[in-house]
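*Asks:* Sharing a structure below in structure tokens format, with a few things to ask.
The values are calculated or read from the model by the stated rules, or taken from the named source; none is laboratory data. Fair warning: this is a prediction, and the values are worked out from it, not measured in the lab. Cβ placement follows ideal geometry from the backbone for every residue including glycine, while neighbour counts extend to all protein chains displayed. All accessible areas refer to the heavy atoms of the entire protein, side chains included, with ligands and DNA or RNA removed. Shrake-Rupley method; radii C 1.70, N 1.55, O 1.52, S 1.80 Å.
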Amino acid sequence: MTLWLFLHIAGCVLFLGNIITAAFWKVRADLKGDPTEIHHTVKNVMLADYVFTLPGLLLLIISGVVMSVQAGYGMGGMSWLAVSLILFGITGILWAGILIPLQKGMIRLSLESIGGGVISDRYKRVSMYWAVGGTAATLLPVIILYLMISKPF
């Protein structure tokens, strides 16, 4: 189980680490207001999702399933594992259904803003929605991390 636990923790580091640092760099770029820098940043946030977040997600799912089976955890009832899986599902829906489309929109809108030298109000609106959805999609895995470590019920 040690290898699986290592892979699970590595997946958590990749997953959580990337979503937190991506938000940091995007907020910094938005605060500067330079459309070119914002465009490069939002493109790299999307790239980092595919390079780090997605592999982290796969490591979490595969290692988590293997360890759950090995430990004999059942899916019945309301356990820390069931709550974690529900929260993980909500996170996935937020990421795939809301954040990725918003990121694609931010890439397009920031590119359009480069010519004028000023970031558009449409970009700012989409960015605000991304910040709200991204905050939820970041806090849920932090709660899952707590549940995974403490196993309170």
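*Asks:* Report, ordered by the first and then the second residue, all pairs with beta carbons closer than 9 Å, sequence separation of six or more or different chains, a first member in region 80-101 that is in contact (Cβ under 8 Å) with a residue 24 or more places away in the chain, and a second member that is assigned to a helix (DSSP H, G or I) and among the aromatic types (Phe, Trp, Tyr).
*Replies:* Hits for this filter: ILE98/TYR129; ILE98/TRP130; LEU99/TRP130.
*Asks:* Here's something else I'd like to know. Within region 43-58, how many residues turn out to be open to solvent by 50 Å² or more (accessible area, probe 1.4 Å) and either hydrophobic (A, V, I, L, M, F, W, C) or in contact (Cβ under 8 Å) with a residue 40 or more places away in the chain (or both)?
*Replies:* Looking only at that region, the number is 6.
*Asks:* Go through region 16-25 and report how many residues are β-branched (Val, Ile, Thr) and either without any contact (Cβ under 8 Å) to a residue 24 or more places away in the chain or surrounded by fewer than 18 Cβ atoms within 10 Å (Cβ to Cβ) (or both).
*Replies:* 2
*Asks:* Can you tell me which condition PRO101 does not meet? The list is (1) open to solvent by 20 Å² or more (accessible area, probe 1.4 Å); (2) closer than 23 Å to GLY11 by Cα; (3) within 14 Å of the chain's Cα centre (by Cα), and all the others hold.
*Replies:* (2)
*Asks:* Same structure again: Read through the list (1) open to solvent by less than 30 Å² (accessible area, probe 1.4 Å); (2) in contact with a Pro (Cβ under 8 Å, 6 or more places away or on another chain), then give the number of the only condition that PHE88 fails.
*Replies:* Of the numbered conditions (1) open to solvent by less than 30 Å² (accessible area, probe 1.4 Å); (2) in contact with a Pro (Cβ under 8 Å, 6 or more places away or on another chain), the odd one out for PHE88 is (1).
*Asks:* Tally the residues that are outside any helix (DSSP H, G or I) and open to solvent by 50 Å² or more (accessible area, probe 1.4 Å), restricting the search to region 26-42.
*Replies:* Looking only at that region, the number is 1.
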